[in-house]
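The values are calculated or read from the model by the stated rules, or taken from the named source; none is laboratory data. As the structure is a computational prediction, the values presented were derived from the model and not from experiment. Note that each Cβ is placed from the backbone with ideal geometry, even for glycine, and that neighbours are counted across all protein chains shown.
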Amino acid sequence: MTQSSQDVLSRRAKAVPPGVFNATKIIAAKAEGAVITDIEGREYIDFAGGIGVVNIGHNSPRVVAAIKEQADKLLHSCFHIVMYEGYISLAEKLIKIAPGNFEKRAALFNSGAEAVENAIKISRKATGKQGVVVFENSFHGRTLLTMSLTSKVKPYKFGFGPFAPEIYRIPHAYCYRCPIGREYPSCDVGCADALSKMFIGQSAPENIACLIVEPVSGEGGFITPPKEYYAKLKAICEENDIVFIADEIQSGFGRTGRMLAMEHWGVVPDLTTVAKSMGGGMPISAVVGKAELMDAPQVGGLGGTYGGNPVCAAASLAAIETIEEDNLLAVAEKLGETLRTKFEGLMDKFPIIGDVRGKGPMLALELVHSRETKEPAADKTRELVAYCLERGLILLSCGNYGNVIRTLMPLVITEEQVEKALSIMEEGFVAISK
């Protein structure tokens, strides 16, 4: 007998701790493409995409078929004990995808946080240094080290200290709320100089192993730096033997209209972390980058029981094939143009929208009570999310102030679904602007 959503929610309250948060009260029964259907048959257009995990769509046919085929052959052996070709094939594929005209290696793990931790381990071993530079508004995970890297205190860090040492935080290129009080392009991207200044007041470059940054920040509010920013940071890193790590966990695999978002800036990272849509819905992650760095850890220094699981590796290969064969990068680029045009039109209509930013369909709308004061409108953001959810559209908020709407819809979303979703959003802005 099928239970109601309320029945399941009552069971959840007794079985699952409140620390495991839920953005909605939807109980999913199935999903396909860009639509989730709950156990009572109600459909929702999904602008959250499992927090950027299903760029190729829910239950993508190639991925489902690959999972079924692999499950009939081998579920698990642990790559450290008995190897299998899928792990190696996926590593080879990631090496081709990652930028850089140099020899590369790839190692597979389970989650984004695990990939970030291993990228830092690799950097420390290769350089013999310990320090890590991160950015305000960053999010890198919930483990001890990645939680320490993450910028926002509540809910991610509050009460969970002490935190990992040797982490140094600098301002990000948040043009809408410029950390140096200037405007682009007359600023000459002076915010990038924060890295050099950090060497004076926080830690010498001789102690810094790596810098890690999200090309487009995720939880931090989809902050999107100017075109010169990452090149300037990379040059400082090269001058000081600091490994430049791009955290592409949310921004990769078509999310911005490129396979990897850093391509928009023309910068080649030393190491790249990937996860989320890399697996098409299955849990898998990786670190890929320069062979001289990846080869630095001793035998046994990298790994994990489930890393690069055969079924997850098969799903990932199928997900990448789907992006390539179905030309989803071009689809994403077109979708991004449609969304940006609509969002900029909404900004003209509704003063509550202070900023529209992002790359491709990885876009954000920052809501403010006043464009003059830029006071964050977290209350209105919550109202908009609730309004849209009630009418069948799942939206996610983000940002350190909780006042940013982000778009993470599957790239396979239909034109009709996009039109309906944007119509709901516009109605929502009318409602919250009264």
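Got a number for residues in segment 259-279 being over 14 Å from the mean Cα position of the chain (by Cα) and either closer than 19 Å to ILE223 by Cα or surrounded by 22 or more Cβ atoms within 10 Å (Cβ to Cβ) (or both)? So that I can check it myself, show each step before the final result.
Taking segment 259-279 and keeping what is over 14 Å from the mean Cα position of the chain (by Cα), we get 263-271.
Checking which are either closer than 19 Å to ILE223 by Cα or surrounded by 22 or more Cβ atoms within 10 Å (Cβ to Cβ) (or both) leaves us with 263-267, 269-271.
Of the residues in segment 259-279, 8 are over 14 Å from the mean Cα position of the chain (by Cα) and either closer than 19 Å to ILE223 by Cα or surrounded by 22 or more Cβ atoms within 10 Å (Cβ to Cβ) (or both).
How about segment 380-426: which of its residues are touching a Leu at 6+ places or on another chain (Cβ under 6 Å) and within 27 Å of GLY279 (Cα to Cα)?
Those that are touching a Leu at 6+ places or on another chain (Cβ under 6 Å) and within 27 Å of GLY279 (Cα to Cα): ILE405, ARG406, THR407, LEU411, ALA421.
Take segment 303-321 and flag every residue that is in a loop (DSSP other than H, G, I, E, B) and surrounded by fewer than 19 Cβ atoms within 10 Å (Cβ to Cβ). Lay out the reasoning, then the answer.
Initially, segment 303-321 is screened for residues in a loop (DSSP other than H, G, I, E, B), giving 303-309.
Within segment 303-321, GLY303, GLY304, THR305, TYR306 meet the criteria.
Do the conditions hold for ARG340, that is, is it charged (D, E, K, R), closer than 25 Å to ALA421 by Cα and in contact (Cβ under 8 Å) with a residue 60 or more places away in the chain? Let's see the steps before the verdict.
Numbers: charged (D, E, K, R): yes; closer than 25 Å to ALA421 by Cα: yes; in contact (Cβ under 8 Å) with a residue 60 or more places away in the chain: no.
Spelling it out, it is not the case that ARG340 is charged (D, E, K, R), closer than 25 Å to ALA421 by Cα and in contact (Cβ under 8 Å) with a residue 60 or more places away in the chain.
Determine, yes or no, whether ALA48 is at pLDDT 95 or above, surrounded by 17 or more Cβ atoms within 10 Å (Cβ to Cβ) and not assigned by TED's automatic domain parsing to the domain that holds VAL268.
The answer is yes for ALA48.
Among the residues of segment 160-167, is any among the aliphatic types (A, V, I, L, M), under 24 Å from the mean Cα position of the chain (by Cα), within 23 Å of LYS232 (Cβ to Cβ) and at pLDDT 95 or above? Spell out how you get there, then give the answer.
Initially, segment 160-167 is screened for residues among the aliphatic types (A, V, I, L, M), giving 164, 167.
Of the ones still in play, those that are also under 24 Å from the mean Cα position of the chain (by Cα) are 164, 167.
Filter again for within 23 Å of LYS232 (Cβ to Cβ), leaving 167.
Imposing the further condition that a residue be at pLDDT 95 or above reduces the set to 167.
For segment 160-167, residues among the aliphatic types (A, V, I, L, M), under 24 Å from the mean Cα position of the chain (by Cα), within 23 Å of LYS232 (Cβ to Cβ) and at pLDDT 95 or above: present.
Answer yes or no as to whether GLY218 is modelled with pLDDT under 95 and surrounded by 23 or more Cβ atoms within 10 Å (Cβ to Cβ).
Values: modelled with pLDDT under 95: yes; surrounded by 23 or more Cβ atoms within 10 Å (Cβ to Cβ): yes.
Against the criterion (modelled with pLDDT under 95 and surrounded by 23 or more Cβ atoms within 10 Å (Cβ to Cβ)), GLY218 qualifies.
Within segment 271-293, identify whether any single residue is among the small types (Gly, Ala, Ser), farther than 17 Å from HIS140 by Cα and assigned to a strand (DSSP E or B), and answer yes or no. It would help to see each step written out before you state the result.
First, the residues of segment 271-293 that are among the small types (Gly, Ala, Ser): 275, 277, 279-281, 285-286, 289, 291.
Filter once more, keeping what is farther than 17 Å from HIS140 by Cα: 279-281, 289, 291.
Right, trim to assigned to a strand (DSSP E or B) and you get 289.
Looking for residues that are among the small types (Gly, Ala, Ser), farther than 17 Å from HIS140 by Cα and assigned to a strand (DSSP E or B), one finds at least one in segment 271-293, hence yes.
Inspect all residues belonging to segment 246-262 and state whether any of them is in contact with a helix residue (DSSP H, G or I) (Cβ under 7 Å, 6 or more places away or on another chain), of a type in the set (Lys, Arg), closer than 30 Å to ALA31 by Cα and assigned by TED's automatic domain parsing to the domain that holds THR127.
Yes, there is a match, as at least one residue in segment 246-262 is in contact with a helix residue (DSSP H, G or I) (Cβ under 7 Å, 6 or more places away or on another chain), of a type in the set (Lys, Arg), closer than 30 Å to ALA31 by Cα and assigned by TED's automatic domain parsing to the domain that holds THR127.
Would segment 253-260 turn up any residue that is touching a Ser or Thr at 6+ places or on another chain (Cβ under 9 Å), modelled with pLDDT of 95 or more, outside any loop (DSSP other than H, G, I, E, B) and closer than 26 Å to LYS125 by Cα?
no
Identify, from the list GLY304, GLY279, the residue that is at positive phi and assigned by TED's automatic domain parsing to the domain that holds VAL153. Working first, answer last.
On the way: GLY279 fails: at positive phi.
The conditions single out GLY304.
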